[in-house]
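Colleague: Starting off with a structure, shown below.
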Amino acid sequence: MHGMKYGLNILKSMLVLALIILLGFSSCEKRAYRDAEKKNTIEGYGQFIKKYPDSKLRQSAEGHIAHLYFEQAFKKNTVQAYEDYLKRFPQTISGPIVIANLTVLVDPEIKRLGIEQMAKMSATIKTDLGNIKLKLLPENAPETCRNFIRLAKIHFYDSTQFNLLIPGVLVQGGSPQGDPKGGPGYTIKAEFNELPNIPGAVGMVREEHPDSAGSQFYICLRSMPERDGKYTVFGQVVEGLEVVEALSNLESSGPEAKPAPYQPVKPALIRTIEISQERP
């Protein structure tokens, strides 16, 4: 009996000691967080996270860091500053404000782009399965290319979905939340041209009305002459057609699904679309 009591006393002592240690660590952690709050710097919160990576206060510290980076971008008020911020914090709650400010800066630049300038640009669609590089064809569809470049530069396409995957035929993407009818809130005028819908051709998705395209686009994996002259083709894949093929083969709802066939079972995301200037 005495042995049992002795054992219980030891257990109680160990539990009390563990609680004291835990409270001590908790107290140190809270003091460190308060110190970071007093400093209110990216470095201060970063040091707290480094010292207490599993802290319950980590999310709050990360939120403060994001806000401080936002303040820096807002003060600079440049395209590069906002782009750097969005790359660092793609899911931030400040995203809509950043994109609105970025749009104000980008729009005048986009309006000044001439056909020759756009012809020297390329677009890289970044996905979880790899990158797809496009050559833009503004000689055939200047305003469509301009719209595509604009949406990419204001990061509209970031985290949008490929919402139609037909194996070996085509993929379709550029819709917020994967909505088959989603878009940027406006439509653009059609620029039907002589470019054929061949493997790698990139065209604008539209509804019944010719001028109903917005942000969604498709990429062909086989020749689709039935679309020639009826959809605006504005680009051509120059690298990564195998990535398009892989995307088309992801699991989908299949041809019989209603109301929307060939919808991806799991989100197939466009991480971002980068516009770059090709070297001469």
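Colleague: If we scan the stretch 42-54, do we find a residue that is of a type in the set (A, V, I, L, M) and either at pLDDT below 85 or within 25 Å of Arg150 (Cα to Cα) (or both)?
Modeller: no
Colleague: Does Ala61 meet the test of being closer than 30 Å to Gln161 by Cβ and not assigned by TED's automatic domain parsing to the domain that holds Asp158? Talk me through it step by step, then tell me what you get.
Modeller: On the way: closer than 30 Å to Gln161 by Cβ: no; not assigned by TED's automatic domain parsing to the domain that holds Asp158: yes.
Spelling it out, it is not the case that Ala61 is closer than 30 Å to Gln161 by Cβ and not assigned by TED's automatic domain parsing to the domain that holds Asp158.
Colleague: Looking only at the stretch 170-221, count how many residues are within 25 Å of Pro267 (Cβ to Cβ) and among the charged types (D, E, K, R).
Modeller: Number satisfying all stated conditions: 4.
Colleague: Could you list, in sequence order, all residues of the stretch 177-216 that are under 26 Å from Glu245 (Cα atoms) and basic (Lys, Arg)? Steps first, answer last, please.
Modeller: Of the residues in the stretch 177-216, the ones under 26 Å from Glu245 (Cα atoms) are 177-183, 192-207, 213-216.
Correct list: Lys181, Arg206.
Colleague: Going by what's in this entry, would Asn101 be described as over 28 Å from Leu247 (Cβ atoms) and either free of Cβ contacts under 8 Å to residues at least 40 places away in the same chain or not in a helix (DSSP H, G or I) (or both)? Working first, answer last.
Modeller: On the way: over 28 Å from Leu247 (Cβ atoms): yes; either free of Cβ contacts under 8 Å to residues at least 40 places away in the same chain or not in a helix (DSSP H, G or I) (or both): yes.
In short, yes.
The rows are residues; the columns are (1) within 20 Å of Asp107 (Cβ to Cβ); (2) without any contact (Cβ under 8 Å) to a residue 24 or more places away in the chain; (3) crowded, with 17+ Cβ neighbours inside 10 Å.
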| residue | (1), (2), (3) |
| --- | --- |
| Gly46 | no, yes, no |
| Lys50 | no, yes, no |
| Lys56 | no, yes, no |
| Ala66 | no, no, yes |
| Phe70 | no, no, yes |
| Phe74 | yes, no, no |
| Ala81 | yes, yes, yes |
| Pro90 | no, no, no |
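Colleague: Would you check if there is a residue in the stretch 135-144 being closer than 24 Å to Thr187 by Cβ, modelled with pLDDT of 95 or more and surrounded by fewer than 15 Cβ atoms within 10 Å (Cβ to Cβ)?
Modeller: Step one: of the stretch 135-144, the residues closer than 24 Å to Thr187 by Cβ are 136-144.
Filter once more, so that each one left must be modelled with pLDDT of 95 or more: 136-144.
Add one more test, that the residue is surrounded by fewer than 15 Cβ atoms within 10 Å (Cβ to Cβ), and what stays is 139, 143.
Looking through the stretch 135-144, at least one residue is closer than 24 Å to Thr187 by Cβ, modelled with pLDDT of 95 or more and surrounded by fewer than 15 Cβ atoms within 10 Å (Cβ to Cβ).
Colleague: Scan the stretch 190-200 and give yes if some residue there is within 23 Å of the chain's Cα centre (by Cα), modelled with pLDDT of 95 or more, of a type in the set (A, V, I, L, M, F, W, C) and surrounded by 20 or more Cβ atoms within 10 Å (Cβ to Cβ), otherwise no.
Modeller: Going through the stretch 190-200, the residues within 23 Å of the chain's Cα centre (by Cα) turn out to be 200.
Applying the additional criterion that residues be modelled with pLDDT of 95 or more yields 200.
Among the residues that remain, those that are also of a type in the set (A, V, I, L, M, F, W, C) are: none.
No, that holds for no residue.
The values are calculated or read from the model by the stated rules, or taken from the named source; none is laboratory data. These figures come from a predicted structure and were not determined experimentally. Virtual Cβ from ideal backbone geometry, glycine too; neighbours counted across all protein chains shown.
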